[in-house]
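Written out below as structure tokens is the structure these notes cover.
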Amino acid sequence: MNSIEKLTEIFSHFSGIGPRQARRFVYYLLTRADSTLGELSQHIKDLKNDVVMCTDCKRFFEKKNDKTTLCKICSDQTRDHSTLMLMQRDIDLESVEKNGSFGGIYFVLGGSVPILEKEPEKRIRIKELKTFLEKKAKEGLKEIILGVNWNPEGENTGDYVVRTIEPLTAKYKIKISHLGKGLSMGTELEYTDPETMKNALRNRS
Ligand SMILES: [Zn+2]
């Protein structure tokens, strides 16, 4: 495999990128100056050094020093730690956070569960979620909001999560609500505008 093929192969694994687009990226890079490519590879190298995963919510964040393990949201005591929103991906969390209508905390599942998936536990961070819930329940967690996309795969992910955490939510009397009920079918959280998000939060059930 030559360099063009190797890079094409890597890019084609990116979410939403097919082999043709991946190849186009490679040819684009070939037209750039050496210095730009050098900068790009440096940024890629730095990524894993500068960015870590929060031990609580599992989102990626830029660390300040080697001691940081909790992100800004999780360590912020002025936020409402009794309300937790479950997100499929970091990008969904970012868009909810950007529009500022939610003051609680989050957990990033890291994916979704396709319909008829035989090993759903390998698709999302369900084990980590249970550990996190056990800890937060003892600290007064009252409500879990399913912030999954309002489409069949998002629904399936939500159903699987609700089923799996049922013993915990029953034991600690945690309410489960659904953000999607306030959105229209097919809505992806990533593209939801602030007003719609505010309404969805207000009308969650
Ligand atoms: Zn966090």
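The values are calculated or read from the model by the stated rules, or taken from the named source; none is laboratory data. Quantities reported herein were computed from a predicted structural model and do not represent experimental measurements. Methodologically, a virtual Cβ is constructed for each residue, glycine included, from the backbone with ideal geometry; neighbour enumeration extends over all protein chains shown. To get the accessible areas, we keep the full protein, side chains included, count just its heavy atoms, and leave off ligands, DNA and RNA. Shrake-Rupley method; radii C 1.70, N 1.55, O 1.52, S 1.80 Å.
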Worksheet item: Is there any pair linking a residue in region 56-71 that is in contact (Cβ under 8 Å) with a residue 40 or more places away in the chain and more than 17 Å from Glu139 (Cβ to Cβ) to one that is assigned to a loop (DSSP other than H, G, I, E, B) and away from the ligand (no atom under 12 Å from the Cβ), with Cβ under 6 Å and at least six apart or on different chains, and which?
Response: Lys58/Arg125
Discussion item. Kindly evaluate Lys64 against the criterion of being over 17 Å from Lys135 (Cβ atoms), loosely packed, with under 11 Cβ neighbours inside 10 Å, basic (Lys, Arg) and more than 16 Å from the ligand (Cβ to nearest atom).
Written reply: no
Fill in: Considering residues of region 70-110 that are in contact with a strand residue (DSSP E or B) (Cβ under 8 Å, 6 or more places away or on another chain) and open to solvent by 70 Å² or more (accessible area, probe 1.4 Å) only, the residue farthest from Leu129 (Cα to Cα)
Lys72
Worksheet item: Restricting attention to region 115-126, does a residue exist that is in contact (Cβ under 8 Å) with a residue 60 or more places away in the chain and in contact with an Asp or Glu (Cβ under 8 Å, 6 or more places away or on another chain)?
Response: no
Item to complete: Select, from Gly180, Gly147, the only residue that is open to solvent by less than 30 Å² (accessible area, probe 1.4 Å) and either at pLDDT 90 or above or over 27 Å from Glu119 (Cα atoms) (or both).
Response: Gly147
Item to complete: List every residue pair whose Cβ atoms lie under 7 Å apart, where the two residues are 6 or more positions apart in sequence or sit on different chains, the first residue falls within region 96-107 and is touching a residue at least 60 places away in the same chain (Cβ under 8 Å), and the second residue, located anywhere, is part of a loop (DSSP other than H, G, I, E, B) and among the hydrophobic types (A, V, I, L, M, F, W, C).
Response: Val96/Phe102
Fill in: Top-ranked residue in region 20-40 [being more than 25 Å from the chain's Cα centre (by Cα) and under 30 Å from Gly111 (Cβ atoms); ranked as most open to solvent (accessible area, probe 1.4 Å)]
Arg20
